[in-house]
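The values are calculated or read from the model by the stated rules, or taken from the named source; none is laboratory data. This is a predicted model, so every value here is computed, not measured. Here the Cβ positions follow ideal geometry from the backbone for every residue, glycine too, while neighbour counts run over all protein chains shown.
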Amino acid sequence: MAQSSIPGNVKSGLRNVIEDARSSSFIGAPSIQVRIEAGVTFLRSEGYYGAQIDVREPDIDPPTSDGDGFELELPNDSRRLFVRAGPRFVIQSTSIKIDGPDLTEARAVRDTILEDLRVLDDQPARAGDVLRAQNQALQTLKEAGFTQAEDRYPDIVVDHATSGMQIDYAVTTGPLTKLGSLSVVGANLTPSAWVIKAAGIRPGSVASGERLRQLSERFRLTGAYQSVDLALQTPVLTTPETATANLMLTLEERTKRTWSAGAEWSTSDGLGLDASTSFFHHLARADTLTLDGRVGTLESSLGASLRLPSLRGAGRDLSLVARAASKAQMLSHV
């Protein structure tokens with residue numbers, strides 16, 4: 001019998017869905033109809049919106065010469081399922097409608113969303129891809145500061161005449177969220193006032209995802225904290241177009257001092273002993289002071305480094321390094 005042209009991964013997925021179908025009853029195996037419904041639902045989710053599945057009795061139904069279909073065996077059942085997947089529908093067009101109290105800020109975001117949606121054009125009309133695109137559109141709005149954006153059920157038209165799909169997405173932006181004040185939890189070795197100053201929050205700036213990530217990284221990259229958690233509080237409407245959300249920064253400071261030591265030996269360099277200790281928050285500024293030393297057969301050294309976060313922003317931290325070393329004199333005999 002000729003085989004269907006559907007991809008192998010879809011065919012194997014269909015087989016798994018039919019075999020794993022669950023009955024609505026807690027007693028007994030699922031009925032043949034339950035398996036058929038599960039299979040049709042799966043095929044439609046993969047873009048085969050005209051799929052049909054029929055039951056075949058081996059002793060009654062003669063073999064078919066239908067090249068568009070294929071048979072699937074059933075577990076513990078002599079009957080077979082005959083699958084006609086039909087053509088795979090493709091996405092012919094996508095659009096999005098954005099509603100909100102003030103669409104001025106959303107216009108640039110809309111262009112980005114439309115650019116992302118164009119990737120779907122002429123692609124198989126898979127339900128998973130349709131939903132992912134909807135979630136991506138919502139995430140793009142939230143990244144731009146519309147933290148309360150919500151999506152609505154898209155208007156989807158499936159055209160069986162052209163084997164195509166048209167999708168009209170719809171979202172509501174809600175008010176643009178702007179930053180309010182910053183509160184700090186867990187800053188014991190470093191004053192909260194300094195943390196707030198180092199954060200550099202400008203009240204009234206847009207609560208974009210990029211800005212929030214930069215703020216979180218600002219403290220994470222100091223190395224002086226075990227964990228950094230930044231949470232945006234529930235926005236409060238301040239005008240019809242904007243809302244204000246305060247921030248809570250929760251810090252888990254590292255212990256004030258850590259030690260490390262090690263030893264190594266090789267035929268070329270001989271014996272080497274290493275030790276280092278780091279002091280955190282020694283200056284109460286999320287700073288790290290490290291002292292290290294090495295005693296070896298060929299070389300010994302002492303070093304010190306200080307890393308101090310800058311109030312001017314991430315990437316401008318002050319780093320001071322000092323090191324002294326001495327090498328052993330090697331004597332040779334002729």
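If you check Gly200 against the conditions, is it on the phi > 0 side of the Ramachandran plot, surrounded by 17 or more Cβ atoms within 10 Å (Cβ to Cβ), out of contact with any helix residue (DSSP H, G or I) (no Cβ under 6 Å at 6 or more places or on another chain) and not hydroxyl-bearing (Ser, Thr, Tyr)? Answer is no for this residue.
Using the structure shown, decide if Leu74 is in contact with a helix residue (DSSP H, G or I) (Cβ under 9 Å, 6 or more places away or on another chain) and at pLDDT below 85. Against the criterion (in contact with a helix residue (DSSP H, G or I) (Cβ under 9 Å, 6 or more places away or on another chain) and at pLDDT below 85), Leu74 qualifies. Residues in the range 196-242 that are of a type in the set (Gly, Ala, Ser), within 30 Å of Ser278 (Cβ to Cβ) and under 21 Å from the mean Cα position of the chain (by Cα): Ser216, Ser227, Ala231. Of all residues being under 27 Å from Arg213 (Cα atoms) and assigned to a strand (DSSP E or B) in the range 280-319, which is modelled with the lowest pLDDT? Just the residue, please. Taking the candidates together, the pick is Leu318. Looking across the range 86-115, the residues that are outside any helix (DSSP H, G or I), modelled with pLDDT under 90 and of a type in the set (D, E, K, R) come down to Asp102, Glu105.
For the range 265-273, the criterion of being assigned to a strand (DSSP E or B), of a type outside the set (A, V, I, L, M, F, W, C), touching a Pro at 6+ places or on another chain (Cβ under 8 Å) and surrounded by 17 or more Cβ atoms within 10 Å (Cβ to Cβ) is satisfied by no residue at all. From the set of residues in the range 274-292 that are touching a Pro at 6+ places or on another chain (Cβ under 9 Å) and either of a type outside the set (Gly, Ala, Ser) or buried (at least 16 other Cβ atoms within 10 Å of the Cβ) (or both), which is nearest to Ala325 (Cα to Cα)? My answer is Asp287.
Conditions tested, residue by residue: (1) buried (at least 16 other Cβ atoms within 10 Å of the Cβ); (2) not assigned by TED's automatic domain parsing to the domain that holds Leu212.
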{"position": "Pro124", "(1), (2)": "yes, yes"}
{"position": "Val130", "(1), (2)": "yes, yes"}
{"position": "Gln134", "(1), (2)": "yes, yes"}
{"position": "Phe146", "(1), (2)": "yes, yes"}
{"position": "Arg152", "(1), (2)": "no, yes"}
{"position": "Asp155", "(1), (2)": "no, yes"}
{"position": "Gly164", "(1), (2)": "yes, yes"}
{"position": "Leu182", "(1), (2)": "yes, no"}
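Remark: Ala193 falls outside the filter, which requires a residue to be in a helix (DSSP H, G or I), buried (at least 18 other Cβ atoms within 10 Å of the Cβ) and on the phi < 0 side of the Ramachandran plot. Considering only residues in the range 86-108 that are farther than 26 Å from Gly50 by Cβ and in contact with a strand residue (DSSP E or B) (Cβ under 8 Å, 6 or more places away or on another chain), the one that is surrounded by the most Cβ atoms within 10 Å (Cβ to Cβ) turns out to be Ala106. A residue that is touching a residue at least 24 places away in the same chain (Cβ under 8 Å), part of a loop (DSSP other than H, G, I, E, B), outside the structural domain of Gln166 (by TED's automatic domain parsing) and exposed (fewer than 15 other Cβ atoms within 10 Å of the Cβ) occurs somewhere in the range 41-63. Scanning the range 209-247 for residues that are part of a helix (DSSP H, G or I) and either closer than 24 Å to Gly186 by Cβ or in contact with a strand residue (DSSP E or B) (Cβ under 7 Å, 6 or more places away or on another chain) (or both) yields a total of 11. Only one of the numbered conditions (1) touching a helix residue (DSSP H, G or I) at 6+ places or on another chain (Cβ under 9 Å); (2) modelled with pLDDT under 90 is violated by Thr64, and that is (1).
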